[in-house]
Amino acid sequence: MRKLAILALAIAMLTFAAGPAQASKPTKTRSTNASANAFWYSTESISATSYRSTVWYVGVYQSSEGTFSDLYVDTLICEVTPPEDTCTSESSRYGFSDLARQTFTIDESLTSSHLDAVYDLQEYDADFNPVGDSVATHIVADWTGIGSLYREKSSYSVHTPCGVLRYTSQGVNRSAEATGSVDGADLGETYDAYLATGTSRSFEATC
């Protein structure tokens with residue numbers, strides 16, 4: 001959110017510097033957003049001195065423009081080499097989904113969230129070139145908010161001889177416990193998860 005705000009301010013400053021010939025009507029915008037994220041970690045023994053480490057991640061972002069989600073799974077092969085293990089990438093797969101026709105819910109109090117979606121999961125090599133065909137992958141995940149709600153606010157403003165831009169945002173986030181499954185296979189539970197909601201407002205006027 002902070003990066004988007006900074007970018008908006010930079011664009012506004014360039015617009016003001018250009019000095020439009022005619023006055024424009026002030027514009028006001030308001031948007032709301034919500035998100036849910038979770039990571040699942042697992043290890044599998046290969047031999048007495050090696051193991052496979054796997055990380056699954058799913059994230060959902062919902063705004064007035066729609067609901068989008070990404071999914072990835074990274075697998076490493078690790079050798080036990082004290083004092084630190086040595087790991088190399090075995091595979092990396094990534095998928096993106098527009099959830100317009102799928103299921104995502106989140107409540108305003110960040111008590112719970114639910115996802116049921118299918119992603120075209122594509123494997124990539126070390127140079128991020130696709131390998132083989134994508135595979136339809138079904139993810140079901142549930143979040144339960146835990147602990148306290150944390151609130152944050154931010155605001156920016158830009159004034160020039162020929163305009164003003166004000167941007168404010170406020171949000172709430174909360175840690176969560178998440179459970180999930182991939183094509184029916186249980187991922188278990190994780191506490192590396194969170195839920196968030198927020199709103200932002202902007203006002204822009206140029207001479």
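Some values worked out for this structure:
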| quantity | calculated |
| --- | --- |
| Residues satisfying the stated conditions in the stretch 134-175, i.e. within 19 Å of the chain's Cα centre (by Cα) and of a type in the set (Val, Ile, Thr) | 137, 139, 140, 144, 172 |
| Pick from the stretch 84-118, criterion closer than 20 Å to residue 54 by Cβ and among the acidic types (Asp, Glu), ranking: nearest to the chain's Cα centre (by Cα) | 90 |
| Verdict on residue 152 being more than 30 Å from residue 42 (Cα to Cα), out of contact with any His (no Cβ under 6 Å at 6 or more places or on another chain) and without any contact (Cβ under 8 Å) to a residue 24 or more places away in the chain | yes |
| Identity of the residue in the stretch 137-176, out of contact with any Ser or Thr (no Cβ under 7 Å at 6 or more places or on another chain) and of a type in the set (Ser, Thr, Tyr), that ends up surrounded by the fewest Cβ atoms within 10 Å (Cβ to Cβ) | 148 |
| Residue count, the stretch 106-125 (criterion: open to solvent by less than 60 Å² (accessible area, probe 1.4 Å), within 16 Å of residue 179 (Cα to Cα) and either free of Cβ contacts under 8 Å to residues at least 12 places away in the same chain or among the β-branched types (Val, Ile, Thr) (or both)) | 1 |
| Checklist (1) open to solvent by 80 Å² or more (accessible area, probe 1.4 Å); (2) at pLDDT 90 or above applied to residue 6, failing item | (2) |
| Failed condition for residue 147, given (1) touching a Lys or Arg at 6+ places or on another chain (Cβ under 8 Å); (2) on the phi < 0 side of the Ramachandran plot; (3) touching a residue at least 12 places away in the same chain (Cβ under 8 Å) | (2) |
| Tabulated pairs, the stretch 25-41, first under 13 Å from residue 178 (Cα atoms) and among the hydroxyl-bearing types (Ser, Thr, Tyr), second open to solvent by less than 70 Å² (accessible area, probe 1.4 Å) and assigned to a strand (DSSP E or B), C-beta under 7 angstrom, 6+ apart or interchain | 41/55 |
| Strands (runs of 3 or more DSSP E) enclosed by the stretch 29-105 - at least 1 residues per element that are loosely packed, with under 14 Cβ neighbours inside 10 Å and not aromatic (Phe, Trp, Tyr) | 66-79, 86-98 |
| Single residue of the stretch 106-142 satisfying the filter (among the charged types (D, E, K, R) and part of a strand (DSSP E or B)) that is farthest from residue 190 (Cα to Cα) | 133 |
| Unmet requirement for residue 128, which otherwise passes all of (1) under 17 Å from residue 57 (Cβ atoms); (2) open to solvent by less than 60 Å² (accessible area, probe 1.4 Å) | (2) |
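The values are calculated or read from the model by the stated rules, or taken from the named source; none is laboratory data. Note that the structure is a prediction, hence the values are computed from the model and not measured. Cβ coordinates were reconstructed from backbone atoms using ideal geometry, including for glycine residues, and neighbour counts include every protein chain displayed. Protein only, heavy atoms only, side chains kept; ligands, DNA and RNA dropped before computing areas. Shrake-Rupley method; radii C 1.70, N 1.55, O 1.52, S 1.80 Å.
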